[in-house]
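The values are calculated or read from the model by the stated rules, or taken from the named source; none is laboratory data. What you are looking at is a predicted structure, and each value in this text was computed from that prediction instead of being measured. Cβ placement follows ideal geometry from the backbone for every residue including glycine, while neighbour counts extend to all protein chains displayed. We work out accessible area using only protein heavy atoms, side chains counted, and drop any ligands, DNA or RNA first. Shrake-Rupley method; radii C 1.70, N 1.55, O 1.52, S 1.80 Å.
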Amino acid sequence: MFWKRRRDEPAGEPAEDQRPPEDEAPTDDDAIANDGPWEPDPADFEPDAAWGAAGAPPTESAAEPNLEPIFLDAPEPTPVLPATEPAGSLDHGLERTRGGFMSRLRGFLVGDDGTGPSWDDVEETLIAGDVGAALAMDVVENARRRRDPGGAEAAVRAELASLLVEREPGWEPRPSVAGGPAILLIVGVNGTGKTTTIGKLAARYAGEGRHVLLAAADTFRAAAIDQLMIWADRAGVQIVSHAPGADPGAVVYDALDAAIARGADLVIADTAGRLHTKSNLMDELTKIRRIIDKRLPGATPETFFVLDATTGQNGLQQAKAFHEAVGLTGVVLTKLDSTAKGGIVFAIEHDLGVPVRFVGVGEQAGDLLPFDPEAFVAALFG
Ligand code: GDP
């Protein structure tokens, strides 16, 4: 099902032959922030100079106007996945980590014969588990001083738990502005599990009966758009996409238009996985945010960084760069099931000060768990 709109047409009135069927056309009741036909600001759609260089989109020059079909919809959201997908479990997700650095760590701590464990070994093991060198040193130092009546294990456990940001477990989509949809921007480096995470989030919230709409705003890679479409189809949610190379801001704008017209609860936007300089990255995200603000003035979108747990401290450095550039509100830690070094969770929360919101524990739709700090520490220590 297509609903086309061309740049050179007035946005409010699609041409007769391009109008959506009656039952899909936005009504006055649907319009929650109808501020009249949108007048594009030419500055928002200027070709990005950076796109002509190394990361040029595959099939279309960035300078070319984007005149392709805008909407590619599933009819109405029909959440098929969550009913059939068994949910992954934290115990399963942490199997490797428990068998890896945690097993070694507990060996040192539990083997304490009253003279105290070898704190050097404890420190080394924490570092090997991706907790990070400086942080491991602090944890050991503070645990020693604690003289916990429960012994060395209780002391280390309490110290690790204290590194996690205090808050309610999980995350709930909240309207980005009164009456508007929640807006979630997903950022991160290619290959970390960004698309899969968006698909899992879509399946989760559609399964809870929410109206979810995806925005394929990583227009850099044609494959990213295709893959997101597959996930949208699986999760039974709607997706708004443009041709590869199109302006990501325009995709987000149209997604918001569709979300408002259809009363969607949540818009999840994929974004480019890598732009070769920090300022490109910041420009792109700033532009997307500006466009969100234009369509939904005062909206407060959230920005989640997808971090691949198997990349350890490197991943953390990437997260720091993104945080500095665009300001993150949450982290999704993927592939926790594939690493024996789940200690990266502590480093993320402590060094970044950004809460882990979800953890990925597999490749299926149900393998995304809301992060619960207490449950995480309990599962780590078995
Ligand atoms: P993107 O390039 O960042 O969009 O990454 P993709 O979503 O395409 O994921 C890259 C690979 O990681 C795919 O093979 C996914 O199935 C896999 N993947 C994503 N999340 C997880 C996870 O939590 N656990 C495991 N084991 N694999 C994952």
ALA128 versus ARG274, label points 7 Å from Cα toward the beta carbon: distance in nm?
-> 3.1
For LYS200, which lysines qualify as cross-link partners when the Cα separation must be under 27 Å and same-chain residues fewer than eight apart are set aside?
-> LYS287, LYS320, LYS335, LYS341
Out of residues 5 or more away from ILE239 or on other chains, whose amide H comes under 5 Å of its own, with H placed 1.01 Å from N in the peptide plane?
-> LEU72, ALA74, LEU214
Fully extended contour minus Cα-Cα distance, from LYS320 to SER89, at 0.36 nm per residue = 80.3 nm
Check each of the trypsin sites (Lys or Arg not before Pro) in segment 130-182 and keep only those in coil by DSSP with at most 13 other C-beta atoms within 10 angstrom; list them in order.
-> ARG147, ARG167
Residues in segment 303-322, backbone N under 17 Å from the label point at ARG174 (7 Å along the Cα-to-beta-carbon vector): list them, ranges by number please.
-> 303-304
Gain in length, TRP119 to GLN313, computed as 0.36 nm per residue apart minus the alpha-carbon separation, to one decimal in nm?
-> 67.6 nm
First obtain the Kirkwood hydrodynamic radius of segment 270-382 from its Cα pairs, then insert it into the Stokes-Einstein equation at 4 °C and 1.567 mPa s, and state the resulting D in µm² per second as a whole number.
-> 86
If you roll a 1.4 Å probe over segment 218-348 with all protein chains in place, what percent of the accessible area is carbon or sulfur?
-> 52
Segment 275-338 - convex hull of the alpha-carbon atoms, volume per residue in Å³ = 87
